[in-house]
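One structure is given below, encoded as structure tokens.
Since every read-out is calculated from the coordinates, none of them should be taken as a lab result. Since this is a predicted model, take the numbers as computed values, not measurements. Neighbour counts run over all protein chains shown; Cβ positions are idealised from the backbone, glycine included.
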Amino acid sequence: MKLTKETIWHFTCDFCKLWWSFASSDEFQPKKKIFCPHCGRRNEIDDDA
Ligand SMILES: [Zn+2]
């Protein structure tokens with residue numbers, strides 16, 4: 001069998017302040033620019049976040 005560990009990423013939109021989450025494996029690195037699924041605006045991720 002194969003074991004995987006799940007990491008949940010939480011994003012908070014700079015514009016509408018709503019948040020969403022995204023589950024992935026440990027290797028995932030979020031892209032610098034992410035579109036909010038609520039308002040559709042583009043968020044940029046801070047390097048020190
Ligand atoms: Zn938004």
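So, in segment 1-20, of the ones that are farther than 16 Å from Glu44 by Cα and either aliphatic (A, V, I, L, M) or touching a His at 6+ places or on another chain (Cβ under 9 Å) (or both), which residue ends up surrounded by the fewest Cβ atoms within 10 Å (Cβ to Cβ)? Before the answer, list the steps.
So in segment 1-20, the residues farther than 16 Å from Glu44 by Cα come out as 1-8.
Then keep just the ones that are either aliphatic (A, V, I, L, M) or touching a His at 6+ places or on another chain (Cβ under 9 Å) (or both); that gives 1, 3, 8.
Numbers: Met1: 2, Leu3: 4, Ile8: 8.
Per the criteria, the residue is Met1.
Of all residues in segment 1-42, exactly one satisfies the criterion of being within 16 Å of the ligand (Cβ to nearest atom), over 10 Å from the mean Cα position of the chain (by Cα) and outside any loop (DSSP other than H, G, I, E, B), namely Arg42.
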